[in-house]
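Worksheet: one structure, shown below.
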Amino acid sequence: KAAEVILNETPFYAESGGQVGDTGLLKTADGSEAEVDDTLSPAPGLVAHMVTVLNGSFRAGDLVEATVDAMSRAATMRNHTATHLLHAALRRRLGVEVQQAGSYVGPDRLRFDFNYPGQVSREALDSVEDEVNDQILHNTAVSKVEKSFDEAVGGGAMALFGEKYGERVRVVSVPGYSEELCGGTHCARTGDIGSFRIISERGIAAGVRRLEALTGMAAIDR
């Protein structure tokens, strides 16, 4: 049985900014269970858990134990932190005209769309891949700090075109290398990514390129 469950507080991340929503399990004290297939935010400040009820029932006022799928969350975190490193590496290698034009961050892979006038050479892609892996090997601590929007942007943090930001924002940075406004989940250190492998790069529209990559064991298996 499919349903939507709203909790007064939740550890689940709702789909936003290209990152997919968390999956996991909800369980009540009487043994009722529901599998969380996706987590969405239909309105600001509201998190909806899209569930399949496995057994029992859920009623308003029930106390539930909410458990995020740890392996899926960790894989998604690797891909999200790697996306920030990739963005920085592309701008360093191809120039600051590189601008993010969309993204997908899930447990299976990352996809990064960016504005760039022309094809990207194999040599440039290899250089970008090497630079991201070099940052992974540095095992730098990833910083997540909340600031005012003006303070963050004034300090050099990158805001994505078209995104809506409030007065308070979260700045995710790899000190000395990458700094972006981002509300997603991220690794504690760059070394947690493990490894990074670009698997495809192509044009998808005039002046827009799409790059896909893998991290962790998925990159090693590839």
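Miscellaneous remarks
So that you can scan it fast, the table gives a plain yes or no per residue for (1) more than 27 Å from LEU110 (Cβ to Cβ); (2) among the β-branched types (Val, Ile, Thr); (3) under 25 Å from the mean Cα position of the chain (by Cα):
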residue	(1), (2), (3)
GLU15	no, no, yes
GLY21	no, no, yes
GLY24	no, no, yes
ALA29	yes, no, no
VAL36	no, yes, yes
LEU40	no, no, yes
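- Meets criteria (touching a residue at least 24 places away in the same chain (Cβ under 8 Å), among the basic types (Lys, Arg) and touching a Ser or Thr at 6+ places or on another chain (Cβ under 8 Å)) for ARG189: yes
- Among the residues of segment 67-99, those that are part of a helix (DSSP H, G or I) and open to solvent by 60 Å² or more (accessible area, probe 1.4 Å) comprise ALA70, MET71, ARG78, ARG92, ARG93.
- Checklist (1) on the phi < 0 side of the Ramachandran plot; (2) open to solvent by 40 Å² or more (accessible area, probe 1.4 Å); (3) out of contact with any Cys (no Cβ under 9 Å at 6 or more places or on another chain) applied to LYS144, failing item: (3)
- Number of positions in segment 116-160 that are more than 19 Å from HIS87 (Cβ to Cβ), touching a strand residue (DSSP E or B) at 6+ places or on another chain (Cβ under 6 Å) and assigned to a helix (DSSP H, G or I): 1
- Test: residue in segment 102-118 that is over 17 Å from GLY18 (Cβ atoms) and of a type in the set (Lys, Arg): no
- Segments classed as strands (runs of 3 or more DSSP E), wholly inside segment 11-58, with at least 1 members that are surrounded by fewer than 16 Cβ atoms within 10 Å (Cβ to Cβ) and of a type in the set (Asp, Glu): 33-43
- ARG197 vs. criteria of a type in the set (D, E, K, R) and either farther than 16 Å from GLN19 by Cβ or more than 17 Å from the chain's Cα centre (by Cα) (or both): yes
- Filtered by the rule that a residue be within 15 Å of ARG209 (Cβ to Cβ) and open to solvent by less than 50 Å² (accessible area, probe 1.4 Å), segment 105-128 gives LEU110, PHE112, ASP113, PHE114, TYR116, GLY118, VAL120, ALA124, LEU125, VAL128.
- Residues located in segment 161-214, provided they are among the hydrophobic types (A, V, I, L, M, F, W, C), out of contact with any strand residue (DSSP E or B) (no Cβ under 7 Å at 6 or more places or on another chain) and open to solvent by less than 40 Å² (accessible area, probe 1.4 Å): VAL174, CYS187
- Scope segment 119-171; condition β-branched (Val, Ile, Thr) and free of Cβ contacts under 8 Å to residues at least 40 places away in the same chain; matching residues: VAL145, VAL153, VAL169, VAL171
- Residues that are under 14 Å from GLY106 (Cβ atoms) and more than 13 Å from the chain's Cα centre (by Cα), drawn from segment 44-87: ASP69, MET71
The values are calculated or read from the model by the stated rules, or taken from the named source; none is laboratory data. Keep in mind that this is a model prediction, so the values were computed, not measured. Cβ sites come from the backbone with ideal geometry, for glycine too, and all protein chains shown count toward neighbours. The accessibility values were calculated without ligands, DNA or RNA, using every heavy atom of the protein model including side chains. Shrake-Rupley method; radii C 1.70, N 1.55, O 1.52, S 1.80 Å.
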